[in-house]
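The structure appears right after this line, and notes come after that.
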Amino acid sequence: QVQLVESGGGLVQAGGSLRVSCVVSRSIFNLNPLGWYRQAPGKERELVARFTSIVRTEYADSVKGRFTISRDGTKSTLYLQMDSLKPEDTAVYYCHGKYFDVDYWGQGTQVTVSS
């Protein structure tokens, strides 16, 4: 069993920055892949960024150059630094990890970008 708890969402103006965090109940290096998804109202959940190995990352084209995924093993925490935010980034952001082929999700954190 793995628990994922997100935090750090909020309201920000377009062009601003925000960092969301995800605390994982197990060593984050035991989950692969490990990353962030988002779901906007009326849309399907989509991949934002994830680690696919110890060092390899994958980003959605829409966030490349603006978002950065990172992790701190000592804190069992995954981060998503979001810069140059746009209104279209508004969504609920979910932390996701796979552990022994089982998918685990956090409860989500709301990010709202005003124009």
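Structural remarks
- For region 10-111, the list of chymotrypsin sites (Phe, Trp or Tyr not before Pro) that fall in a loop by DSSP and count at most 16 other C-beta atoms within 10 angstrom reads Phe100.
- Qualifying trypsin sites (Lys or Arg not before Pro) in region 4-45, DSSP loop, other Cβ atoms within 10 Å at most 14: Lys43
- With a Förster radius of 25 Å applied to the C-beta separation of Gln13 and Glu44, the computed FRET efficiency comes to 0.40.
- Centre separation in Å (Cα based) which lies between region 83-109 and region 1-68: 5 Å
- Gyration tensor verdict on region 68-115 (Cα atoms; rounded if a/c is under 1.5, prolate if a/b is larger than b/c, oblate otherwise): oblate
- Percent accessible area from carbon and sulfur atoms, the chain, protein chains only, probe 1.4 Å: 47 percent
The values are calculated or read from the model by the stated rules, or taken from the named source; none is laboratory data. Model, not experiment: these values are computed from the prediction. Note that each Cβ is placed from the backbone with ideal geometry, even for glycine, and that neighbours are counted across all protein chains shown. Keep in mind that these areas ignore ligands, DNA and RNA; they rest on the heavy atoms of the full protein, side chains included. Shrake-Rupley method; radii C 1.70, N 1.55, O 1.52, S 1.80 Å.
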